[in-house]
């Protein structure tokens, strides 16, 4: 089982108190216990450019990927066959790929990288690696899993369709685990909507969250 860290030293406002843009609070820290308390309450961190304190969000609506209705198209199914997928074999490399400063809109700071690497070491954060035939890392994604909640944080690719293949592999793994599952992608984008993501009301997300947290995880602890 994942190792439970020392408890959070902070008290977050209720997740449904966030404003229209989803911003709930500034401050706190990125200790493992703080991150887990936030996710368990429906909250997640994301830095704001030019703001020193960490920002915590609970957007309305919330982006999710419904597992039951996820159906990759023909071209994506062909792409899946071009790659090999592994799990939790290169977490640091996947986070580094997602944090590449050359990517537009990059938000993953060294402090964020360190925080999620610590969560991975404790068994709470996981990676999906997509590899070429020779084993070279072509793309991937990482996120936090607490019970049946998987909060997908970021994905990247250096080969066409590799990040999409990572999402397909994640959905398949979560579906195979059964039980109540909630795949959280925070905010939808046109790209994510093309892959099956949709918006749900924050109230509906928070209503589903306790049952998901109570489900057994789909990833074993490292």
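Annotation: of all residues in the range 192-219 being at pLDDT 95 or above, out of contact with any strand residue (DSSP E or B) (no Cβ under 7 Å at 6 or more places or on another chain) and in a helix (DSSP H, G or I), the one that is surrounded by the most Cβ atoms within 10 Å (Cβ to Cβ) is 206. Being modelled with pLDDT of 95 or more, assigned by TED's automatic domain parsing to the domain that holds residue 202 and in contact with a helix residue (DSSP H, G or I) (Cβ under 8 Å, 6 or more places away or on another chain) holds for only one residue in 83, 70, and it is 83. For the structure I just gave you, tell me whether residue 7 is closer than 30 Å to residue 221 by Cβ and more than 19 Å from the chain's Cα centre (by Cα). Yes: the conditions hold for residue 7. Of these, 41, 37, which one is outside the structural domain of residue 162 (by TED's automatic domain parsing), in contact with a helix residue (DSSP H, G or I) (Cβ under 8 Å, 6 or more places away or on another chain) and either modelled with pLDDT of 95 or more or surrounded by fewer than 19 Cβ atoms within 10 Å (Cβ to Cβ) (or both)? Residue meeting the stated conditions: 41.
Would you confirm whether any residue within the range 107-128 is modelled with pLDDT under 95, crowded, with 16+ Cβ neighbours inside 10 Å and in contact with a strand residue (DSSP E or B) (Cβ under 7 Å, 6 or more places away or on another chain)? Checked the range 107-128: at least one residue is modelled with pLDDT under 95, crowded, with 16+ Cβ neighbours inside 10 Å and in contact with a strand residue (DSSP E or B) (Cβ under 7 Å, 6 or more places away or on another chain). The set of residues from the range 11-34 being out of contact with any helix residue (DSSP H, G or I) (no Cβ under 7 Å at 6 or more places or on another chain) and closer than 17 Å to residue 186 by Cβ comprises 18, 19, 20, 21, 22, 23, 25.
For the range 48-59, the count of residues that are over 16 Å from the mean Cα position of the chain (by Cα), touching a residue at least 24 places away in the same chain (Cβ under 8 Å), assigned to a strand (DSSP E or B) and over 30 Å from residue 138 (Cβ atoms) is nonzero.
Of note, residue 17 satisfies the criterion of being modelled with pLDDT of 95 or more and either more than 17 Å from the chain's Cα centre (by Cα) or over 28 Å from residue 216 (Cβ atoms) (or both). Screening the range 87-190 for strands (runs of 3 or more DSSP E) wholly inside it with 1 or more residues that are within 28 Å of residue 202 (Cα to Cα) and free of Cβ contacts under 8 Å to residues at least 60 places away in the same chain returns the ranges 125-131, 137-146, 149-157.
The values are calculated or read from the model by the stated rules, or taken from the named source; none is laboratory data. All of these numbers come straight from a predicted model, not from anything done at the bench. No Cβ is skipped: glycine too gets one built from the backbone with ideal geometry, and neighbour counts run over all protein chains shown.
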